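What follows is one structure encoded as structure tokens, with my remarks underneath.
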Amino acid sequence: MANMAVDAAIPDSANPVILGAGISGICTALVLQAVGFEPCIVSKYIPMQQDSVPQFPAVPTDYAMASAYPHNLRVENLPGLSSASQQVFKHLEQVQNSGVSRYRIFEVYEQEPTEPPLWQERINFQRFDGKPELLRKSMNVPVRREAGQIWGWSFDSFFADMPLYLSFLWKEFKANGGQVIEMELNAPEQIESLCSKRPIINCLGIGAKTLFADSAPLNIVRGKQVLIPNTPMLKADGELPFAYNYTPSPEIFSRADGNSEYVHFFARTGDWLLGQTREPGQLNKKNEWVGEAVLGEYVDLNGIQIPKAILTLNEELLCDLFGVTFADRELIAREGYRYYRDPDGEGVRLCAEQFGSGTVIHNYGHGGSGITMSWGCALETARLFVEIADSNNVNRKITGGENVSGEASTLKHVLKSQFQTFQANKTEKALAALS
Ligand SMILES: Cc1cc2nc3c(=O)[nH]c(=O)nc-3n(C[C@H](O)[C@H](O)[C@H](O)COP(=O)(O)OP(=O)(O)OC[C@H]3O[C@@H](n4cnc5c(N)ncnc54)[C@H](O)[C@@H]3O)c2cc1C
């Protein structure tokens, strides 16, 4: 019966069906529309459609800040996927109302750090170290008052202001004729029934684990954060919007293993996000996080325990640079879960698999980098789908850069051209491996 309900809800023209409406699902859908397919998204819940305290910590798309600069993730072809993502963000930065803009980020350490991942790929990357007061004056570096020597770097990063960004992406999807069905999937038979008719794409995040009986190890890194509504934008040197990750010495803020925990600040349009812990753990049978909570004092905000250092250290840093405080401001606590699939093994699942009589293409398990890597992973997922569609002679619309009303969509155009480049690079690499 449940199978019939899912099947009946999906239009005959839909191909493929994408499961999950988080960032992975919507980006994959947009790439496939750009190359002429008519994806339909099925999901129990659409992120960012509610108020400032999301209901499902296990749907991280609701909690991402979201910075998008090259950094680590366990996935095949990390540099290629990262660079493809950066190209799309670079385009979106130029698109009015996309919610994507460029920020200046400072990453500051009170102990000498190791080399940051993919730093050569970061924009305007600049290292610094020295005495706090000099760096604060010369470069507007955020520094704790009692800090001794500090180290770090600044660079420019794309940032997705998630409420604006997701609303922009959904508008694009719908303007291209995209359909979405809100429905929970709860049995593998439903998936089998769906994919017996056309390939499906799995962007279910943690929901994929049970539906696809994935036995790969997982790590759920909890992120506690505080949202402060009705705030002004803050700019570095009066130019770019400003953000930082600040890692104090461990006696100020530390993880369960005794290493330093960092605090984070990011100003969005109309609110500030303060964060955010990185606490490794698992989900229990009730889908609640159990693991290694950060150490130190906590405060209770709207029923959620928040490490006090997130408030005190951020307030000190912001007060010294911009003269702002949190007094008389509303503080809203939130906590979301980053799902790292098989963090020490194969990592993100980005491959095609036979499922019953059909095929499923997986795209899930992106940990704390799902926004950053979204376009690269979507391009690879679409490439895998197109391989299958082409070998089955699936028709597609000839597509230019316009939507169903005939209006120009520059994003569609850019995604189509990125897809062609991506596909050509993959073919070239495969041929080189054979020769
Ligand atoms: C506090 C925090 C801060 C973060 N900051 C950043 C950042 O700055 N930069 C960055 O790149 N990343 C960041 N991330 C990580 C990023 O948010 C995730 O990697 C990304 O959102 C994963 O998206 P997804 O679409 O793959 O999965 P999800 O967001 O989990 O979406 C899965 C979708 O599948 C649906 N679904 C699941 N199960 C079912 C089912 N049984 N039936 C039907 N539908 C189902 C869900 O409703 C949802 O729509 C952060 C995460 C957290 C928690």
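The values are calculated or read from the model by the stated rules, or taken from the named source; none is laboratory data. What you see is a predicted model, and the numbers here were worked out from it, not measured in a lab. Because the Cβ atoms are built from the backbone with ideal geometry, glycine has one as well, and the counts that use them run over all protein chains shown. Side chains included, ligands, DNA and RNA excluded: accessible areas come from the protein's heavy atoms. Shrake-Rupley method; radii C 1.70, N 1.55, O 1.52, S 1.80 Å.
In what order, largest first, do Met183, Met162 sit by accessible area if the probe radius is 1.4 Å?
Result of the area sort, largest leading: Met183, Met162.
Please list, in chain and number order, the residues 5+ apart from Glu330 or on another chain whose amide H is under 5 Å from its amide H, with Hs placed from the backbone.
Amide H to amide H, under 5 Å and 5 or more residues apart or across chains, Glu330 pairs with nothing.
Quick one: what are the phi-derived ³J(HN,Hα) couplings along region 9-24, Karplus 6.51/-1.76/1.60 with θ = phi - 60°, whole Hz, x for glycine and proline?
6, 9, x, 4, 6, 5, 6, x, 9, 9, 9, x, 10, x, 4, 5
Can you pull the percent of the chain's accessible area that's carbon plus sulfur, 1.4 Å probe, other chains left in place?
About 48 percent, which is the carbon plus sulfur part of the accessible surface.
Please report, largest first and rounded to whole Å, the three semi-axes of the ellipsoid equivalent to the chain, where each semi-axis is the square root of five times an eigenvalue of the C-alpha gyration tensor.
38, 24, 21
Can you run phi through the Karplus equation (6.51, -1.76, 1.60; θ = phi - 60°) for region 148-156 and list ³J(HN,Hα) in whole Hz, with x for Gly and Pro?
Result, ordered by residue: x, 5, 10, 10, x, 7, 10, 6, 9 Hz.
Can you say what percent of the DSSP beta bridges in the chain, counting only those with both residues inside, are antiparallel? Round to 5.
Given both bridge residues lie in the chain, the antiparallel proportion sits at roughly 75 percent.
I'd like the accessible area for Asp12, computed on protein heavy atoms only with a 1.4 Å probe and all protein chains in place. Round to 10 Å², please.
Surface open to solvent at Asp12 totals about 150 Å².
Out of residues 5 or more away from Phe253 or on other chains, whose amide H comes under 5 Å of its own, with H placed 1.01 Å from N in the peptide plane?
Under 5 Å from the amide H of Phe253: Glu261.
Using a cut-off of 23 Å between alpha-carbon atoms, which lysines can reach Lys429, once sequence neighbours fewer than 8 places away in the same chain are excluded?
Cross-link targets: Lys416.
In region 20-92, which trypsin sites (Lys or Arg not before Pro) are in a loop and have at most 15 other Cβ atoms within 10 Å, using DSSP for the loop call?
none
Per residue, what accessible area does the chain have, given a 1.4 Å probe and all protein chains present, in Å²?
43 Å²
Sorted by mean Cβ packing within 10 Å, highest first, what order do the peptides 112-121, 269-278 take?
Ranking, from highest mean packing down: 269-278, 112-121.
Taking every DSSP beta bridge that has both residues in region 323-377, what percent is antiparallel when rounded to the nearest 5?
Of the beta bridges lying entirely in region 323-377, close to 100 percent run antiparallel.
Counting other Cβ atoms within 10 Å, keep those with at most 15, restrict to DSSP loop, and tell me which GluC sites (Glu not before Pro) in region 123-186 are left.
Here the sparse-neighbourhood loop sites are Glu146, Glu184.
Please give the calculated 222 nm ellipticity per residue for the chain, where each DSSP H segment of at least 4 residues contributes -39500 (n - 2.57) and the sum is spread over every residue; nearest 500 deg cm²/dmol?
-9500 deg cm²/dmol
Using alpha-carbon pairs under 8 Å, 6+ residues apart, how would you state the relative contact order of the chain in percent?
Rounded, it is 24 percent for the chain.
How big is the accessible area of Phe422 in square angstrom, nearest 10, if you roll a 1.4 angstrom probe over the protein chains?
Number for this one is 20 Å².
For the charge dipole of region 188-227, defined by +1 on Lys and Arg C-beta atoms and -1 on Asp and Glu C-beta atoms about the Cα centroid, which residue among Ser196, Val221, Ala208 has the Cα displaced farthest towards the positive pole?
Val221
Could you tell me which of the pairs Lys209/Lys308; Lys171/Lys235; Lys174/Lys209 are separated by over 31 angstrom between their Cα atoms in the structure shown?
Result: Lys209/Lys308 exceed 31 Å.
Could you give me the ³J(HN,Hα) list for region 398-415, computed from phi with Karplus coefficients 6.51, -1.76, 1.60 and θ = phi - 60°, whole Hz, x at Gly and Pro?
5, 10, x, x, 10, 9, 5, 8, x, 7, 6, 10, 5, 4, 4, 4, 5, 5
What do you get for trypsin sites (Lys or Arg not before Pro) in region 338-435 restricted to DSSP loop and a cutoff of at most 13 other Cβ within 10 Å of the site's Cβ?
Those that pass, being in a loop and sparsely packed, are Lys397.
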